[in-house]
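Presented below is the structure to which this report refers.
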Amino acid sequence: MNARSIHFRLAVWHSVLLTAVFALLGGLLYERVKTYLDDTLLETQARRARQIAETLLANEPRTGEAYVVREIRELYAPELGDRFIRVTRPDGSVLYVSGPPNDQSFEPSKVPPARAGRGEEFSRLEVLGDGNALLIAASRAEAGPKGTYLVEVGTSAGPVERLAHHLLALLALGIPLVIAVAVAGSYFLSRTALDPVAQMTLKAEIISQHNLSERLPVVRSGDELERLSIALNHMIARLADAFSNSKRFVADASHELRTPLTVIRGELENLAGDQRIPAELRDRIGSTLEEVERLGNIVQKLFALSRLDAGEAQAEWVRVDIAALAGATAEQMALLAEDRKIKMTREIPAPVHVMGDRARLKQVIVNLLDNAIKYTPPGGSAHMKVAAQGAQAVIEVTDSGAGIPPEAVPLVFERFYRVDRDRSAGTDGAGLGLSIVKSISVAHGGRVEVESTLGSGSQFRVILPLAEA
Ligand code: ADP
């Protein structure tokens, strides 16, 4: 479980809040119920005490004590109702005390006398030696010249206590349970609420420059999430626009530059061959011509890349034996390797068929071999291997050359990236060769990989899907 996640923090807040609210409500409920039960019980006892005082004892001078005792026994039957009744004479002696109750919850004769000097009516909670408590209401009765009788009516506080304990236990068990259910609910609810965000993330991760026409799923929730998904989609649309504008610009620019460059090259070639021009000037024209050719090369490659970006590789889609193509290309480049004193070998055991554009696939092999020859010092070696592996065609070009520093490895396929200008000086590249290899590989549903050790050589692998048999 991630403690920083929204779900987790929400669940923690929820549980803290719920615990506080429920604890407050539970405490209040317990307190109110307990007070209500105590008050009601006491009120019942007080009413009886008042009744006995007003109806029986007030008339005692007329009816006599024996009548009072008999009436109490008959009308109130305290033992049966588990009640305590005691009548104390003005002199403090006991006129009547009820017998042990049915449930034996207390012993009436052991209830201590009420402390004197209180008002007309009063009550108390008498805790007995055995832990039982009696809730007692007392009422005074004026009985003529004799003085004041005291009537006490009580009942065990046990049942109310037990009820209160039950309620407490119920709250103590029920509240954590309710909180646990609510918190788990809020955790899962927040997870489901954030599901669309997870889906948007998944989609966002697969959108790249190659599929900028795709959009994130829009959450129809009418809230911030919906606005976020729409805003992100607008942003992707703007990016797609900007991207296609810049691609179109490169395509248009390289296209427009090709014709004037061809004209300039032609003119310079004529001038370089014109014997009327002094030799020194012709030399300078010659080196300008080299630069113009280099420029023409770059423009040519940029144009090729822009066409690949536009997805035009499918134009000439045929079944190609890449093994034969690689062999023939290596053959053509053998002279170049020889010039540079590089031993070129190849291992092409069997035909390997892929679907694609022949000219572009050839370009891949040319660029890889050209680099192997360019970046390997004289005396080194370059080796090419083409074979089918599973459902893939693998073209491997390995050299014993300069190698590529680890920090540059992820960058060599980027446009115009060259490892270091010193080592590339004198070569006619512009950092576009490998980006063309990558674009062509991707356009053919494949990829290109590189492994290299600085100082001891590199291996480039182009992996393409095999054509169906
Ligand atoms: P360039 O036109 O400069 O050769 P590439 O895109 O073909 O551009 O290559 C990019 C960079 O990768 C080059 O500048 C070069 O330093 C490095 N590189 C490419 N192939 C090799 C190789 N076989 N051995 C060493 N370095 C290489």
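Coordinate-derived values only; no laboratory data. Given the structure is predicted, the values throughout are model-derived calculations rather than measurements. Quick reminder, even Gly has a Cβ in these numbers, built from the backbone with ideal geometry, and neighbours come from all protein chains shown.
Here are some notes:
- Given R0 = 51 Å, the distance between the Cβ atoms of V197 and R70 translates into a calculated FRET efficiency of 0.05.
- Sequentially through segment 13-18, phi angles give Karplus couplings (6.51, -1.76, 1.60; θ = phi - 60°) of 4, 4, 5, 5, 5, 5 Hz, Gly and Pro residues having no value and appearing as x.
- In Hz, Karplus ³J(HN,Hα) per residue of segment 21-38 (6.51, -1.76, 1.60; θ = phi - 60°; x = Gly, Pro): 5, 5, 5, 5, 5, x, x, 5, 4, 4, 4, 5, 5, 4, 4, 4, 5, 4
- The gain in end-to-end length when the F416 to F188 segment is fully stretched comes to 77.1 nm, 0.36 nm per residue minus the alpha carbon separation.
- Computed from label points 7 Å out along Cα-Cβ, the spacing between N270 and V250 is 3.4 nm.
- W13-D39 FRET efficiency (beta carbon distance; Förster radius 30 Å; 0.05 resolution): 0.15
- Just so you know, the Rg over Rh for segment 261-321 is 1.26, from Cα atoms, with Rh as the Kirkwood radius.
- Protection proxy ranking of 411-418, 461-468 - average other beta-carbon atoms within 10 Å, highest first: 461-468, 411-418
- Segment 267-389: C-alpha gyration tensor shape, a/c 1.5 cut-off, then a/b vs b/c: oblate
- J(HN,Hα) series, segment 320-329, from Karplus relation 6.51 cos²θ - 1.76 cosθ + 1.60, nearest Hz, glycine and proline x: 10, 8, 5, 5, 5, 4, 5, x, 5, 5
- Segment 224-309: C-alpha gyration tensor shape, a/c 1.5 cut-off, then a/b vs b/c: prolate
- Cα coordinate range in segment 6-163, projected on the principal axes (Å, largest first): 83, 30, 25
- Listed residues A141, P278, L369: farthest to the positive end of the dipole of the chain (Cβ charges): A141
- Ranking H234, Q300, S246 by Cα position along the charge dipole of segment 224-309, where only Lys, Arg, Asp and Glu carry charges on their C-beta atoms, puts H234 farthest toward the positive end.
- Spin-label model distance (nm) - E121 vs D241, 7 Å beyond Cα toward Cβ: 8.7 nm
- Listed residue (A3, G92, G446) projecting farthest to the positive dipole end of the chain, Cβ model: G92
- Interchain or long-range residues, amide H under 5 Å from G403's placed H: G455, G457, S458
- Given +1 at the Cβ of Lys and Arg, -1 at the Cβ of Asp and Glu and no other charges, the dipole of segment 315-465 around its Cα centre is 120 debye to the nearest 20.
- Spin-label model, V409 to A169: label points 7 Å out along the Cα-to-beta-carbon direction sit 7.0 nm apart.
- Coordinate range along principal axes, alpha carbons of the chain, Å, largest first: 164, 44, 43
- Size of segment 315-465 as Cα extents on the principal axes (Å, biggest first): 41, 29, 26
- Note on segment 6-163: with charges restricted to the Cβ of Lys and Arg (+1) and Asp and Glu (-1), its dipole about the Cα centre is near 280 debye.
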